[in-house]
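Trainee: So that we are looking at the same thing, I have put the structure below in structure tokens.
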Amino acid sequence: METKVNKVKLTIDGKEVLVDEGVTILEAARQNGIKIPTLCQHEALSNWGGCRMCVVEVDGSPKLVASCVMPVRNGMGVVTTNDYILECRRTMLEFIFAERNHYCMFCPQSGDCELQNLAYELQMDHLTVTFSFNKFPTDVTNEYMVIDHNRCILCGRCVRACKEIVGASVLNFQNRGPKNLIGMDLNQSREQSTCHGDGVCMQVCPTGAMVNRYRSHYAVKGHSKDWQPLETVCSQCGLLCPTVNFVKDNNLIKIEGRLTRTNGRPDRGQLCRKGRFEALKNAGIRLDSPMVRSGSGTWKTATWDDILKLVSGKLNDVKKKEGGEAIFGLASSALSNEELVLFRDFMTQGCSAAYVDTFDGTHFRAVSDAAKEGKEAFREASWKMIPEADMVILLGEDASQSQPMISTLLGKGFLERGQKVAVLGKTDPVPPYTPYYLPVVDSALPLLVGALKTGLKGSGDGGKLPAKARLDADAVRVFHEIVKAFSESANPLFIVGEKLAGLEDPAFLADIVSLAKQKGLCPDKSSRLIILKPRGNSAGAWKLGISSSKKISGKSKWKAGLVLLGEPDDSYLAALEGLKGGGFIAAISPYFPESLSDKVDALIPKPAWLEEEGTFTSVDGHETAYKQKSLRAPAGVMDSWEIFKKLAERVGFKPGYRSWKDLSKKAEHEIKK
Ligand code: FES
């Protein structure tokens, strides 16, 4: 139901404006195109009124007021700029500059700094007060971020972001007066603290106090004004977080989350450390031309014509002489839906390959078998429902590593809404807060799930725990409390870790499916269950039928294979184990795959993660989002469309799509089925 909002009429700088009741003077001014400078205010955070840069004159008030915290009232008259207001703002800015080390020419953030911009805007070309010359510590313990307290202005944006967006409350104000600084937990370094390392604090910091170690000094000489912001999504872990990627001269400068107070997502535009920092790291040795391995094992570059002839020739020969039974294809499900369809169709229709799979086929088979065991297919719940659940049972996952955002949501749920969060399995940052924490090894979890199921069928206060679970008295008590809390919950949700889903124990997963069913379905008719998956587009790959329902067997029958890789990842090795069998293997990869360098015979370069567009499916299979291309691939690297088109021509295969757009439509149609 729509709530009616009353309107308020006021005058700002002589202009009569009509705004919603309850908004601040700052919001009213912005809505009407009137600029007021700010520092501590951030649109995604609560207002604090700490820096006083936004002061304005309000009729009836004997003093200037902070417009970011002052609500409008009917008939109010506001003046945002005159000589006196400017003088006051400039004086306050001088005090901020004098308080700590703000020598812009030595600052790694120079050129991309709100404090510096404000000094230019207010024409503050010198200080009329003396510097304090106090020295503060610098924290360089984190791999990604530096905290230099000497450049901090105590605006509190980071403290509010840590509490309001991340829900962690790791950052806080410590000490008093001139010794006041931003501390982490009980004055620990970033690495010692319970910080998630997501960098939201760094994104909202208006100065050089929190700096990205991978991209410091990038904005010197005012380069930041040439950065091209590109709105896209992150495809790293399947939550499809909206991002803004800043690019200059084909270099990725930084990735930011699209922070808002409400963006329809429970994370409010937060990014985890994977999405924010991983793409800035050097992922490996870039493959920028085709390569072939000689008999002696050394790698030599080849022409595109030669490599395409070699790879298509080998696949064609094997198909003609031995049939598709001797051909396999393996792909990384970190790739887009379009790339996966290209690969699948080329392998199954172009090469008649008998075995096509992804690197997470084991997980796919375990989950499919669990669905069969439960006698009916289940539709996973949306990860966005996590905040709505009254109890979440996280099984066998350190979500802080694989899905940091989910770990964050659980911490927030527990701290802010009293959500019951049970963690069964190895370490996760949530356990310090939750009374329902059972740190057992993954192999003991099937026993606990079995006991949970039996316990719920019985008295409701806990089942008999098998001796093999080896729980001490305290753990048994916690277990019984989990059983009790689950039996009392009305809207619970299970989250199963990717390692558990890969245990090849369908009976155990089927137990979880049936436990989730005990409380009925979610309001959207999905099961009360989310299965975390190994790669960013595993759910897409599974829906597109690329992961095989058969387990690979017959070590020596393979005579040719094609492997499609994403970013460097040693987990490829396990999937390739047993597939060699003396045959020819080619890999299409953005990087030189060092761990496979003695296992493959030919390498075809392809664009990396940010160099190709495509659609990705969320971890729960509920959504698909389009990822734009942020960077150009190195000269001489063909995109996936061109590579597969040329390979298809050479094996005489004509796919049913003529353009990337057609391919996208096909992928979308299949995903929606
Ligand atoms: Fe209003 Fe800081 S922006 S007080």
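The values are calculated or read from the model by the stated rules, or taken from the named source; none is laboratory data. If you're wondering where the values come from, they're calculated on a predicted model, not measured in any experiment. In this analysis, Cβ positions are derived from the backbone assuming ideal geometry, glycine residues included, and neighbour counts consider all displayed protein chains. When the accessible area is computed, the model is the full protein with side chains, heavy atoms only, and any ligands, DNA or RNA have been set aside. Shrake-Rupley method; radii C 1.70, N 1.55, O 1.52, S 1.80 Å.
Trainee: Leaving ligands, DNA and RNA out of it, report the carbon-plus-sulfur percent of the accessible area of the chain at a 1.4 Å probe.
Mentor: Taking all protein chains in place, the chain shows 52 percent carbon and sulfur surface.
Trainee: Consider all pairwise Cα distances in the stretch 45-204 and report the whole-number % of them above 27 Å.
Mentor: Roughly 32 percent, once rounded to a whole number.
Trainee: Sorted from largest down, what three extents in whole angstroms do the Cα atoms of the stretch 286-405 have along their principal axes?
Mentor: So the extents along the principal axes, rounded to whole Å, are 60, 36, 27.
Trainee: Cα atoms only: what Rg and Dmax, in Å, come out for the stretch 126-242?
Mentor: Cα radius of gyration and Dmax of the stretch 126-242 are 16.0, 53 Å respectively.
Trainee: What number comes out for the charge environment of Y657, summing +1 per Lys or Arg and -1 per Asp or Glu over other residues with Cβ under 9 Å away?
Mentor: With Lys, Arg at +1 and Asp, Glu at -1, the net is +2.
Trainee: Further, regarding this structure: In the chain, if the dipole is taken from +1 on Lys/Arg beta carbons and -1 on Asp/Glu beta carbons about the Cα centre, which of N175, M405, A334 is farthest to the positive end?
Mentor: Selected residue: A334.
Trainee: On the principal axes of its Cα set, how long, how wide and how thick is the stretch 204-356? Give whole Å, largest value first.
Mentor: 66, 37, 24
Trainee: Obtain the radius of gyration and the Kirkwood radius of the stretch 628-673 from its C-alpha atoms and give Rg over Rh.
Mentor: 1.04
Trainee: State, to one decimal in nm, how far the label point of A574 lies from the label point of D472, with both points 7 Å from Cα in the Cβ direction.
Mentor: Here the modelled spin labels are 3.0 nm apart.
Trainee: Helix 506-517 versus the longest principal axis of the chain: what is the Cα-based angle in degrees, 0 to 90, to the nearest 10?
Mentor: Roughly 40 degrees between the two axes.
Trainee: Could I ask something else about it? Above 19 Å lies some portion of the pair distances; for the stretch 574-673, what is it as a whole percent of all C-alpha pairs?
Mentor: For the stretch 574-673, the fraction of Cα-Cα distances above 19 Å is 59 percent.
Trainee: Could you order D398, D524 by accessible surface area, starting with the largest, using a probe radius of 1.4 Å?
Mentor: Sorted descending by solvent-accessible area, the residues read D524, D398.
Trainee: What is the pair-distance distribution P(r) of the chain, computed from all Cα-Cα distances in 20 Å bins starting at 0, with each bin given as a whole percent?
Mentor: With a bin width of 20 Å, the distribution comes to 16, 42, 32, 9, 0.
Trainee: Please work out the FRET efficiency for the pair V129 and F106, using the Cβ-Cβ distance as r and a Förster radius of 22 Å; give the result to the nearest 0.05.
Mentor: Numbers: r = 20 Å, r/R0 = 0.93.
So the FRET efficiency works out to roughly 0.60.
Trainee: Under a straight-distance cross-link criterion of Cα-Cα below 27 Å, which lysines are reachable from K9, leaving out those fewer than 8 residues away in the same chain?
Mentor: Qualifying lysines at Cα under 27 Å: K35, K63.
Trainee: Taking the simple approach of a point 7 Å from Cα along Cα-to-Cβ for both K550 and R650, what is their distance in nm?
Mentor: It is 2.7 nm.
Trainee: Let me ask something else. Tell me, what is the FRET efficiency for K221 and R632 to the nearest 0.05, using R0 = 30 angstrom and their Cβ-Cβ distance as r?
Mentor: Between K221 and R632 the formula returns 0.80.
Trainee: Nothing charged except the Cβ atoms of Lys and Arg (+1) and of Asp and Glu (-1): what's the magnitude of the dipole of the stretch 317-428 about its Cα centre? Round to the nearest 20 debye.
Mentor: Numbers: 13 positive and 18 negative charges, 25 e Å.
Using Cβ point charges on Lys, Arg, Asp and Glu, the stretch 317-428 gives about 120 debye.
Trainee: Helix-only estimate, please: 222 nm mean residue ellipticity of the chain, summing -39500 (n - 2.57) across DSSP H runs of length 4 or more and dividing by its residues, to the nearest 500. If you can, show how the numbers build up before the last one.
Mentor: On the way: 19 runs with 186 residues, N = 673.
The helix-only estimate for the chain comes to -8000 deg cm²/dmol at 222 nm.
Trainee: If you fit an axis through the alpha-carbon atoms of helix 445-457 and take the longest principal axis of the Cα set of the chain, what angle between them do you get, 0 to 90°, nearest 10?
Mentor: So the inclination is approximately 80 degrees.
Trainee: Relative to the first principal axis of the alpha-carbon coordinates of the chain, what is the inclination of helix 83-99, with its axis defined by its Cα atoms, in degrees from 0 to 90 and to the nearest 10?
Mentor: With both axes taken from Cα atoms, the answer is about 60 degrees.
Trainee: Which peptide among 239-246, 660-667 comes first, and what is the full order, when sorted by highest mean count of other Cβ atoms within 10 Å?
Mentor: 239-246, 660-667
Trainee: Could you compute how much accessible surface R650 exposes when probed at 1.4 Å, giving the result in Å² to the nearest 10?
Mentor: 90 Å²
Trainee: Could you point to the residue in I588, V244, G396 farthest towards the positive end of the chain's charge dipole, with +1 and -1 charges on the Cβ of Lys/Arg and Asp/Glu respectively?
Mentor: I588
Trainee: So, taking all protein chains as they sit and a 1.4 Å probe, how much accessible area belongs to T11, in Å² rounded to tens?
Mentor: 50 Å²
Trainee: Here is a further query. So how do K645, K499 rank on accessible area, 1.4 Å probe, biggest first, that is with the largest at the start?
Mentor: The residues order as K499, K645, largest area first.
Trainee: Using a 7 Å offset from the Cα along the Cα-to-Cβ direction at both W299 and D83, what is the distance between the two label points in nm, to one decimal?
Mentor: In this crude spin-label approximation the distance works out to 7.0 nm.
Trainee: Could you work out how much longer the chain between A283 and K63 gets when fully extended? Use 0.36 nm per residue separation minus the Cα distance between them, nm to one decimal.
Mentor: Gain on extension, A283 to K63, equals 73.6 nm.
Trainee: On a full-extension model of 0.36 nm per residue, what is the gain between K517 and N117, subtracting their alpha-carbon distance, rounded to one decimal in nm? It would help to have the intermediate numbers written out before the result.
Mentor: On the way: separation 400, 0.36 × 400 = 144.00 nm, distance 5.64 nm.
Result: 138.4 nm gained on full extension.
Trainee: Sticking with this structure for a sec: Suppose accessible area is computed on protein heavy atoms with a 1.4 Å probe; arrange T260, T615, T80 from highest to lowest.
Mentor: In descending accessible area the options line up as T260, T615, T80.
Trainee: Explain nothing, just the number: dipole magnitude of the chain about its Cα centre with +1 on each Lys and Arg Cβ and -1 on each Asp and Glu Cβ, in debye rounded to the nearest 20.
Mentor: It works out to roughly 1060 debye.
Trainee: Tell me, in nm to one decimal, what length is gained between H669 and N251 on full extension, where the rule is 0.36 nm per residue of separation less the Cα-Cα distance?
Mentor: Here the segment from H669 to N251 would lengthen by 147.0 nm.
Trainee: Roughly how many whole Å is it from the C-alpha centroid of the stretch 517-544 to that of the stretch 643-658?
Mentor: 34 Å
Trainee: With a/c under 1.5 counting as rounded, go ahead and sort the stretch 560-621 into rounded, prolate or oblate using the C-alpha gyration tensor (a ≥ b ≥ c being the square roots of the eigenvalues; past the cut-off, prolate if a/b is larger than b/c, else oblate).
Mentor: The shape class here is prolate.
Trainee: Now a separate question. Between the stretch 76-129 and the stretch 306-374, how many Å separate their Cα centres?
Mentor: Here the answer is 60 Å between Cα centres.
Trainee: Moving to a separate point now. Could you tally up the Lys pairs in the stretch 104-248 with alpha carbons closer than 26 Å? Skip any pair fewer than 8 positions apart unless they're on separate chains. Before the final figure, lay out each step's value.
Mentor: On the way: K135/K179; K163/K179; K221/K248; K225/K248.
Pairs that pass both the separation and distance tests number 4.
Trainee: Among W609, P523, C234, whose Cα lies farthest out toward the positive end of the dipole of the chain, if unit charges sit on the beta carbon of Lys, Arg (+1) and Asp, Glu (-1)?
Mentor: P523
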